[in-house]
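We did not get these values from a lab; they are worked out from the coordinates using the rules stated. None of the values given here were measured: they were computed from a predicted structure. Note: ideal-geometry Cβ built from the backbone for every residue, glycine included; neighbour counts use all protein chains shown.
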Amino acid sequence: MKLPSLLLATSCFFASAVSADSFTLPIWKDEAEALGYELPKAFGLNLSYMSMEQGINVDSIALKGLDWLPIEMKAEPGKQVTDVVTLRADVWLFPFLNVYGLVGKLEGYSETAVNVEVDLGFLGSINRRIDSFRLDLDGDIKGAGFVLAGGYEQWFALVDASYTQTNLTVIDGAIDAYVVSPRIGYDFHRNGVPLRLWVGAMYQDVEQQLSGSLSDLPLPPALANIIPDDARFDVKQRLASEWNTIAGMQYQVNESWYLLGEMGFGDRQSLFFSLDYRF
């Protein structure tokens with residue numbers, strides 16, 4: 001089932017669950033509230049934006065359609081910059097378990113320097129350094145995940161785990177990402193302030209395999225003139241660092257609306273905002 005259909009089905013499930021008098025979510029809600037826990041409304045819709053910059057390492061650049069030309073390309077460490085907008089639907093199945101599905105849009109680029117060497121035999125060789133080997137990234141995101149949460153008095157902890165796939169449209173390829181984010185924080189509601197603060201970490205395992213036409217790349221004229229139009233490249237790259245530190249806050253406007261902000265530090269720098277509606 002495609003994710004847009006999954007989101008529609010999830011929304012229908014939300015509506016039927018809300019209208020059913022004999023069934024309420026989360027399961028074990030009454031037991032959790034009897035123990036003194038204050039639970040959010042079970043269903044939610046979330047609109048979010050994230051801007052991120054992180055280092056990348058290019059493992060290989062394979063060339064196709066150039067068997068007759070002894071050309072070698074080696075990339076230096078670079079960076080990747082992305083802007084992501086997502087729409088997420090979620091439900092608390094248990095007081096400690098939230099599951100969600102999401103769709104979204106990614107725009108950005110990856111950029112690195114590439115050293116190119118062409119061996120022309122007795123004619124010598126061509127050595128060039130491309131300072132900005134840039135691949136534009138534009139694609140549609142779909143994914144799913146879950147949150148495990150718990151707390152004691154005003155302290156809480158949670159782990160958010162998700163899988164997303166971005167199907168690229170400007171160039172060929174896809175980005176598969178596994179993200180795990182543990183957090184620990186403090187809830188100020190009992191102090192009369194509808195605010196939660198936390199710190200944590202983000203782990204990303206990202207597989208990127210990108211391909212396209214060599215003629216679309218900013219090659220030096222000496223190389224561009226001898227490369228056929230049907231020649232293609234295949235790039236495999238990965239993140240330079242899998243872990244980084246995060247810190248964030250959530251402000252509860254009322255029983256239904258929440259504002260959330262989070263920043264990432266270290267080798268991966270990010271800025272995240274979201275508006276959450278619960279019902």
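General observations
- With one equal scatterer per alpha carbon and no solvent term, the Debye-computed log10 I(q)/I(0) for the stretch 133-215 at 0.15, 0.17, 0.18, 0.21 1/Å reads -0.69, -0.77, -0.81, -0.94.
- Estimated translational diffusion coefficient (Stokes-Einstein, Kirkwood radius over Cα pairs, 20 °C, 1.002 mPa s) of the stretch 152-279: 118 µm² per second.
- Average Cα contact separation per residue, the stretch 123-279, under 8 Å, 6 or more apart, as relative contact order %: 16 percent
- Relative contact order for the chain, counting Cα pairs under 8 Å that sit 6 or more residues apart, in percent: 19 percent
- When the stretch 25-278 is described by a simple charge dipole with +1 on each Lys and Arg Cβ and -1 on each Asp and Glu Cβ, the residue from Ala89, Gly55, Ile27 located farthest towards its positive end is Ile27.
- The residue among Thr164, Asn127, Pro221 whose Cα reaches farthest toward the positive pole of the charge dipole of the stretch 25-278, with charges on the beta-carbon of Lys, Arg, Asp and Glu, is Thr164.
- Burial order of peptide ranges 186-194, 203-211, 133-141 (average beta-carbon count within 10 Å, highest first): 133-141, 203-211, 186-194
- Fraction in percent of alpha-carbon pairs per bin - 5 Å, the stretch 24-120: 3, 10, 13, 10, 9, 9, 9, 8, 7, 6, 5, 4, 3, 2, 1, 0
- Result for the chain in a Gaussian network model with C-alpha springs under 10 Å: among Lys79, Lys64, Lys142, the largest mean-square fluctuation is at Lys64.
- Net charge, Glu153 excluded, C-beta distance under 15 Å - Lys, Arg +1, Asp, Glu -1: 0
- The calculated FRET efficiency for the pair Leu47 and Leu69, based on their C-beta separation and a Förster distance of 35 Å, comes to about 0.10.
- Viscosity 1.567 mPa s, temperature 4 °C, Stokes-Einstein D of the stretch 25-278 from Kirkwood C-alpha radius, µm²/s: 63 µm²/s
- Reach of Lys29 by Cα under 13 Å, taken over aspartates and glutamates that are not fewer than 8 positions away in the same chain: Glu38
- Unit charges on C-beta of K, R, D, E only; dipole of the chain, Debye: 320 debye
- Here the calculated FRET efficiency for Thr24 and Glu207, from their Cβ-Cβ distance with R0 = 45 Å, stands at 0.65, rounded to the nearest 0.05.
- Test item: Cα-centred dipole of the stretch 60-143, Lys/Arg +1 and Asp/Glu -1 on Cβ, debye: 160 debye
- In units of the compact-protein estimate 2.2 N^0.38 Å, the stretch 204-279 shows a Cα radius of gyration of 1.89.
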